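Visitor: Here it is, the structure, as structure tokens.
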Amino acid sequence: MPSISPTPEKPAAGLYVVATPIGHLADITLRAIAVLSGVDLIAAEDTRHTRRLLDHYQIRNRLVSYHEHNEARRTAELIAQLEQGAAIALVTDAGTPAVSDPGFRLVQAAVQKGLPVFPIPGVSAAITALSAAGLPTDQFTFVGFPVRGRSKRREQVAALAHLPYTLIFYQSPQRLVSFLEELVEILGDRPAVLARELTKLHEEFLRGSLAQVLADLQARESLKGECTLLVAGAQEASPAHGPQELDAAIAQALAQKTLSLKELSKALADRFQVSRKQVYERALELKPDEGCDDV
């Protein structure tokens, strides 16, 4: 692959939010190369990772680290330099800065100070996955990484259950199987696509229902790589979804014993377009007489 090294031109003072490749090094714009070559300083999530990209394009420029562990201190330093007329590029390890990556704090601080902020667009894993997934693209909800705590995460997913838009999640390969199990329980078995290792040598798209994707991953010895999970939005409630169908869904959820009554009520109310109170009271009627353990 030939390297491209344009003659660096000094960009105007300001903060440049530069998207970089998520895998394939050729997925970078000529404008991004020119900006990275010409700015006074590049703030990078991992300087070693970014140095490999710069070396590939024969860019010799100064790097400083900017990541979640030093962003508070480094933001103040970078803002001071921007106020003095510096041109600074912000990059992360892959994709667009500030989108489930470090950068928001610096961009926000620059905006609050009235300093120029220039987007240098390029790759984003969410949009890359969506473009080839085959799920509806006219409207979508980008969730990013789910919250870590189990209870809060399940509440987060339940709150998304009624949305009719494609849902886009980032998730680590180590947590993906358990997360898929939760999605099946709370959202039902919807169409889904797992995009793994996008633009890289082992790029893979798994398409099917949530349960089918889950079964495929459970059959594997291991799972590696960056994962973007897309899930179809909720379908409009059908007139066929009457009391019997609701009772059957409640009974199934109760038998699985994985959701509290509160979580069950939220998820099924969204799915069947009825009130949570109605689902909760019906669940109490159908629940085996074991005492109330809604915790």
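The values are calculated or read from the model by the stated rules, or taken from the named source; none is laboratory data. Because the structure is predicted, anything quoted here is derived from the model rather than measured. Neighbour counts run over all protein chains shown; Cβ positions are idealised from the backbone, glycine included.
Visitor: Are there any strands (runs of 3 or more DSSP E) wholly within region 4-69 with 2 or more residues that are assigned by TED's automatic domain parsing to the domain that holds Ala86, small (Gly, Ala, Ser) and under 26 Å from the mean Cα position of the chain (by Cα), and if so which? Please lay out each step first, then the result.
Guide: On the way: elements: 14-18, 41-44, 63-65.
Passing ranges, in order: 41-44.
Visitor: Right, another one. Counting only residues that are out of contact with any Leu (no Cβ under 8 Å at 6 or more places or on another chain) and modelled with pLDDT of 85 or more, which one in region 278-295 is surrounded by the fewest Cβ atoms within 10 Å (Cβ to Cβ)? Walk me through it before giving the result.
Guide: Filtering region 278-295 for residues out of contact with any Leu (no Cβ under 8 Å at 6 or more places or on another chain) gives 278, 281, 285, 289-291, 293, 295.
From the residues that got through so far, the ones that are modelled with pLDDT of 85 or more too are 278, 281, 285.
Working: Gln278: 15, Glu281: 13, Glu285: 8.
Checked region 278-295; the qualifying residue surrounded by the fewest Cβ atoms within 10 Å (Cβ to Cβ) is Glu285.
Visitor: Do the conditions hold for Thr199, that is, is it outside the structural domain of Ala19 (by TED's automatic domain parsing), among the polar types (S, T, N, Q), over 24 Å from Leu259 (Cα atoms) and touching a residue at least 60 places away in the same chain (Cβ under 8 Å)?
Guide: Working: outside the structural domain of Ala19 (by TED's automatic domain parsing): yes; among the polar types (S, T, N, Q): yes; over 24 Å from Leu259 (Cα atoms): yes; touching a residue at least 60 places away in the same chain (Cβ under 8 Å): yes.
It is true that Thr199 is outside the structural domain of Ala19 (by TED's automatic domain parsing), among the polar types (S, T, N, Q), over 24 Å from Leu259 (Cα atoms) and touching a residue at least 60 places away in the same chain (Cβ under 8 Å).
Visitor: Sticking with this one: Check Leu264, Leu230, Leu246, Leu223 and return the single one that is outside any loop (DSSP other than H, G, I, E, B), touching a strand residue (DSSP E or B) at 6+ places or on another chain (Cβ under 9 Å) and among the hydrophobic types (A, V, I, L, M, F, W, C).
Guide: The match here is Leu230.
Visitor: A further question follows. I'd like the residue in region 136-155 that is of a type in the set (S, T, N, Q) and over 12 Å from the mean Cα position of the chain (by Cα) and, out of all such residues, is surrounded by the fewest Cβ atoms within 10 Å (Cβ to Cβ).
Guide: Pass one, region 136-155, residues of a type in the set (S, T, N, Q): 137, 139, 141, 151.
Then keep just the ones that are over 12 Å from the mean Cα position of the chain (by Cα); that gives 137, 139, 151.
Values: Thr137: 13, Gln139: 10, Ser151: 12.
In this case the residue turns out to be Gln139.
Visitor: Same structure again: Out of the residues in region 227-267 that are at pLDDT 80 or above and among the β-branched types (Val, Ile, Thr), which is farthest from Gln139 (Cα to Cα)?
Guide: Checked region 227-267; the qualifying residue farthest from Gln139 (Cα to Cα) is Ile250.
Visitor: Any residue that is more than 27 Å from Thr199 (Cβ to Cβ) and either basic (Lys, Arg) or outside the structural domain of Glu203 (by TED's automatic domain parsing) (or both) - is there at least one of those in region 115-122? Outline the logic, then answer.
Guide: Initial filter on region 115-122 (more than 27 Å from Thr199 (Cβ to Cβ)): 115-116.
From what's left, either basic (Lys, Arg) or outside the structural domain of Glu203 (by TED's automatic domain parsing) (or both): 115-116.
Yes; the residues of region 115-122 include at least one that is more than 27 Å from Thr199 (Cβ to Cβ) and either basic (Lys, Arg) or outside the structural domain of Glu203 (by TED's automatic domain parsing) (or both).
Visitor: Something else now. Quick one: is Gly85 buried (at least 18 other Cβ atoms within 10 Å of the Cβ), over 19 Å from Ala125 (Cα atoms) and more than 29 Å from the chain's Cα centre (by Cα)? Before the answer, list the steps.
Guide: Details: buried (at least 18 other Cβ atoms within 10 Å of the Cβ): no; over 19 Å from Ala125 (Cα atoms): yes; more than 29 Å from the chain's Cα centre (by Cα): yes.
Taking the combined requirement at face value, the residue does not satisfy it.
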